[in-house]
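The values are calculated or read from the model by the stated rules, or taken from the named source; none is laboratory data. Owing to the predicted nature of the structure, the values given are computational and were not obtained by experimental measurement. Positions of Cβ are generated from backbone atoms using ideal geometry, with glycine treated the same way; all protein chains shown enter the neighbour counts. Keep in mind that these areas ignore ligands, DNA and RNA; they rest on the heavy atoms of the full protein, side chains included. Shrake-Rupley method; radii C 1.70, N 1.55, O 1.52, S 1.80 Å.
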Amino acid sequence: MSVRRFTPEGMMQPTPYEHVAVGTGTRHVHVSGQVARSADGSPVAPGDLAGQVAHALRNTGKGLTGAGASFDDVLRLTFYVTDWAPEKIDAFMAGVEQVAEEIGLTVPLPPSSLIGVDYLFEPDVLVEVEATAILD
């Protein structure tokens, strides 16, 4: 396997993600920001953070698969969430848990960042997900 994820002793626990990933492959895969849109561009789960997280992760999985990768190969995930507040973590994690088994995403997640933003490219978009993976 080209990616090993772990949390070294002494780092904050518990967290829903691992703190460190080490990649040993040679092919890098970068999946651009994915949002809750169907293949035809129609919005999915308007106003529903959990639903949008789940669908954005599904789309991220499709991008990985298209490159011959999976979530096992992911070094890092970056989430951008509009109007972020700590009270939204339950809905956010519900979206992750809703789709994790379906798309092969393990919890704890790969090293991840959740970044609060004022808005994304369209007003109905609540979350965007980027992935970086490495393959042998």
Q. How high is the relative contact order of the chain, in percent, counting Cα pairs under 8 Å that sit 6 or more residues apart?
A. 40
Q: Compute the Rg/Rh shape ratio of segment 90-136: radius of gyration over Kirkwood radius, all on alpha-carbon atoms.
A: 1.00
Q.
What is the percent carbon and sulfur in the accessible area of the chain, measuring with a 1.4 Å probe over the protein chains and ignoring ligands?
A. 53
**Q.** Spacing of the two label points (7 Å from each Cα toward its C-beta) at Glu97 and Ser38, in nm
**A.** 2.8
Q | segment 1-55 - accessible surface per residue (Å², probe 1.4 Å) | A | 59
Q. How big is D, in µm² s⁻¹, for the chain by Stokes-Einstein at 20 °C and 1.002 mPa s if Rh is the Kirkwood radius over C-alpha pairs?
A. 142
Q) What length, rounded to one decimal in nm, is gained on full extension from Glu122 through to Thr15, with 0.36 nm per residue of separation minus their alpha-carbon distance? A) 35.5 nm
Q. How much length is gained if the chain between Asp136 and Thr26 is pulled fully straight, taking 0.36 nm per residue apart and subtracting their Cα-Cα distance, in nm to one decimal?
A. 39.1 nm
Q) Just from its helices, what would the mean residue ellipticity at 222 nm be for the chain, if runs of 4 or more DSSP H residues each count -39500 (n - 2.57) and the sum is divided by every residue, rounded to the nearest 500 deg cm²/dmol? A) -8000 deg cm²/dmol
**Q.** segment 42-115 - percent relative contact order, Cα under 8 Å, separation 6 or more
**A.** 44
